[in-house]
Amino acid sequence: MESKEYFENVMQDYNQKRNGRSLRKYCKDEAIDYNWVIEYKKNYPPDDKKQFGQPQDAFIPVTVNDEAPAPKAWQVSTLLLTSPDGVQVELKSTNLSVVADILLKMSQP
């Protein structure tokens, strides 16, 4: 079995069956070379970082999305009212209760 696969199997078994044991105790109980596991763990994964062409301590860029989330409440973007005379009134407000008050006042004689 390849070293990488063997190491991954050992670590997977350790994580599943550790029962409160340290890695050293687990290796001793399962007859696994603890020194080899520790040495391999220091260099794990050996080929993955070379494969991508990045040094171990390479800077990983992070992008931040500054877009504002969509509003979670009802709001009025634009409200266009036309009177019986043909006069148009445009209301723009983010407060729905203000628009409701204006409409209530406009509907009263």
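The values are calculated or read from the model by the stated rules, or taken from the named source; none is laboratory data. Small disclaimer: the values here were computed from a predicted structure and weren't measured. Cβ sites come from the backbone with ideal geometry, for glycine too, and all protein chains shown count toward neighbours.
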> Does segment 33-42 contain any residue that is modelled with pLDDT of 85 or more, at positive phi and part of a loop (DSSP other than H, G, I, E, B)?
Replying inline: no
> Which of (1) modelled with pLDDT of 85 or more; (2) outside any loop (DSSP other than H, G, I, E, B); (3) surrounded by 12 or more Cβ atoms within 10 Å (Cβ to Cβ) is the odd one out, the single condition K49 does not satisfy?
Replying inline: (1)
> If E2 passes every condition in (1) at pLDDT below 85; (2) surrounded by 12 or more Cβ atoms within 10 Å (Cβ to Cβ); (3) not polar (S, T, N, Q) but one, which one does it miss?
Replying inline: (2)
